[in-house]
Amino acid sequence: MAAPLDMEPSALSLELLPTDPLLLILSFLDYRDLMSCCYLSRRLNQLSNHDPLWKRHCKKYWLISEEEKNQRNQSWKAIFISTYSDLGRYIRYYATLKKAWDDLEKYLGQRCPRMIGSLKESVREEDLDAVEAQIGCKLPDDYRCSFRIHNGQKLVVPGLMGSMALSNHYRSEDLLDIDTAAGGFQQRLGLKQCLPLTFCIHTGLSQYMALESVEGRNKYEIFYQCPDQMARNPSAIDMFITGTSYLEWFTSYVNKVVTGGYPIIRDQIFRYVHDKECVATTGDITVSVSTSFLPELSSVHPPHYFFTYRIRIEMSKDALPEKACQLDSRYWRITNAKGDVEEVQGPGVVGEFPIISPGRVYEYTSCTTFSTTSGYMEGYYTFHCLYYKDKFFNVTIPRFHMVCPTFKVSTTRMVSGGAVVLILGCVVLETNHNEYAVDEDEDSTDTDEYEDRRRVLDIPAPSGRCPRHT
């Protein structure tokens, strides 16, 4: 017999569901909601203690493995709660940073084991609190979280944060431990409330993190300092920006390392970037190029942007033996952001005349400078055959672009309107009607005229000058 039409169905209580579908529902809850269920009813309290429900959260937020769980001899829920009581304030960041550190250690452990030996153990919460009291600024939680995993590294060479080497210039950056970083905390004009993150014992170079939004910086922005050499004012500091937060800065660097974006050379991480499209093959010879910007040898005022490039020349291992050849000369066509062209031609490369034979690889490093914030190079090498000495041929060098990273100019150069100019490449992103002009009338060159201009302005020559366009 049908029920009367005016009879309302009874409300279905969540607790009346059978155990299996109810557990399935609970498995979709976040840890906060799952914990709240403990206080709703006796049955939900019992079901929310079902240990497999906490396994997902332990793996998602704390990266706890089955093996680690067995070693602790605790339930998943107990592990989650005990870890949360220690690291709960970092739950937004911990898994991302822990995975980055784990990936980095695994990758370098196979390729640069001595670098792994330089890493320091984690610090305690009270150590981080003491540093905050010492410097009078709050540390961002992503930075604190990373140091709860590893307290930077010892001041050694090579540095964890990458190296760069030219003929007479070397830089390798260590990731500073918390006490050393606090000792370098800046309160001087131009770098007020900036904490060093890295340090190079050869150049004194550091990357800094702004702990407050002062002097035209955004809070937690990470940058290389760049003294304004035309201001004659030590507090006039421009900045090449390398990250908007510690999490972004560190994880993007690790990703470049572990995916092979940065090559491992002589047991060190070298911060060369290779564009996969930047490869050219002529016959049996392939030429590829990777590049890097060097902030320590660059300046915004005057505009002088220093780049290094690493060239790899390889002959196919399947080439016939009689294809062996020797490099005689090089030709470069260099174009700056304004379209000005410079041509360079000369014997050999870096003073050498390498022989290329089947399966052999020859690599070398050189450098260039631009007075514009970007530019590109292309050209060719001329070889002669070893078996047919009167036979010459050209090998294409692919076009490769070099672009200065985003930078901000010092607030001491702000004009009456008060706007800071932010430049990406050669494009002004933010300005006002009173913007000043950056003099880019000169292209990059090591001419006597350039050196005379440097002496008149009393600008110290950058260290690490190397033969250009080789």
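The values are calculated or read from the model by the stated rules, or taken from the named source; none is laboratory data. Only a predicted model underlies this, so the values are computations on that prediction, with no experimental measurement involved. A quick note on method: Cβ atoms are made from the backbone with ideal geometry, for glycine too, and the neighbour counts reach across all protein chains shown. For the accessible areas, the whole protein counts, side chains as well, though only heavy atoms, and no ligand, DNA or RNA atoms are used. Shrake-Rupley method; radii C 1.70, N 1.55, O 1.52, S 1.80 Å.
When F293, F250, F306 are checked against the criterion of being buried (at least 19 other Cβ atoms within 10 Å of the Cβ), out of contact with any Phe, Trp or Tyr (no Cβ under 7 Å at 6 or more places or on another chain) and within 16 Å of T365 (Cβ to Cβ), F306 stands alone in meeting it.
Based on what the data block shows, is V131 among the hydrophobic types (A, V, I, L, M, F, W, C), open to solvent by less than 20 Å² (accessible area, probe 1.4 Å) and on the phi < 0 side of the Ramachandran plot? Yes. Just one of (1) farther than 23 Å from W101 by Cβ; (2) at pLDDT 95 or above; (3) of a type outside the set (K, R) fails for H202. It is (2).
Filtering the range 240-267 to residues that are in contact (Cβ under 8 Å) with a residue 12 or more places away in the chain, assigned to a loop (DSSP other than H, G, I, E, B) and not charged (D, E, K, R) leaves T244, S245, G261, Y262, P263. For the range 179-205, the set of residues classified as in contact with a Gly (Cβ under 8 Å, 6 or more places away or on another chain) and either open to solvent by less than 10 Å² (accessible area, probe 1.4 Å) or outside the structural domain of T244 (by the TED database) (or both) consists of A181, L195, P196, T198, C200, listed by residue number. Assess whether Y331 counts as being in the same structural domain as T365 (by the TED database) and under 30 Å from G109 (Cα atoms). No. Go through the range 217-237 and give me each residue that's crowded, with 20+ Cβ neighbours inside 10 Å and either in contact with a helix residue (DSSP H, G or I) (Cβ under 8 Å, 6 or more places away or on another chain) or farther than 28 Å from H169 by Cα (or both). Of everything in the range 217-237, those that are crowded, with 20+ Cβ neighbours inside 10 Å and either in contact with a helix residue (DSSP H, G or I) (Cβ under 8 Å, 6 or more places away or on another chain) or farther than 28 Å from H169 by Cα (or both) turn out to be R217, Y220, I222, Y224, C226, D228, A236.
Against the test of being modelled with pLDDT of 95 or more and either of a type outside the set (K, R) or closer than 30 Å to L17 by Cα (or both), the options L63, L155, L53 yield a single qualifying residue, L63.
Yes/no matrix, rows are residues, columns are (1) modelled with pLDDT under 95; (2) aliphatic (A, V, I, L, M); (3) over 24 Å from P295 (Cβ atoms):
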position: S329; (1), (2), (3): no, no, yes
position: D340; (1), (2), (3): no, no, no
position: V361; (1), (2), (3): no, yes, yes
position: G375; (1), (2), (3): no, no, no
position: T382; (1), (2), (3): no, no, yes
position: Y388; (1), (2), (3): yes, no, yes
position: S410; (1), (2), (3): yes, no, no
position: V421; (1), (2), (3): yes, yes, no
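Residues in the range 145-168 that are basic (K, R) and within 29 Å of Y272 (Cα to Cα): K154 alone. Being open to solvent by less than 70 Å² (accessible area, probe 1.4 Å), assigned to a helix (DSSP H, G or I) and not basic (K, R) is the filter here, so list the residues in the range 97-121 that pass it. Result: L97, A100, W101, D102, D103, L104, E105, Y107, L108, G109, M115, I116. Scanning the range 16-55 for residues that are over 40 Å from the mean Cα position of the chain (by Cα) and hydroxyl-bearing (S, T, Y) turns up T19, S36, Y39, S41, S48. Scanning the range 298-314 for residues that are among the aliphatic types (A, V, I, L, M) and not in a strand (DSSP E or B) gives a single hit, V300. Please tell me if S172 is in contact (Cβ under 8 Å) with a residue 40 or more places away in the chain and either of a type outside the set (D, E) or surrounded by 15 or more Cβ atoms within 10 Å (Cβ to Cβ) (or both). Yes. Inclusion of D127 among residues that are among the acidic types (D, E), assigned by the TED database to the domain that holds I222, in contact (Cβ under 8 Å) with a residue 12 or more places away in the chain and more than 16 Å from Y253 (Cβ to Cβ) is warranted.
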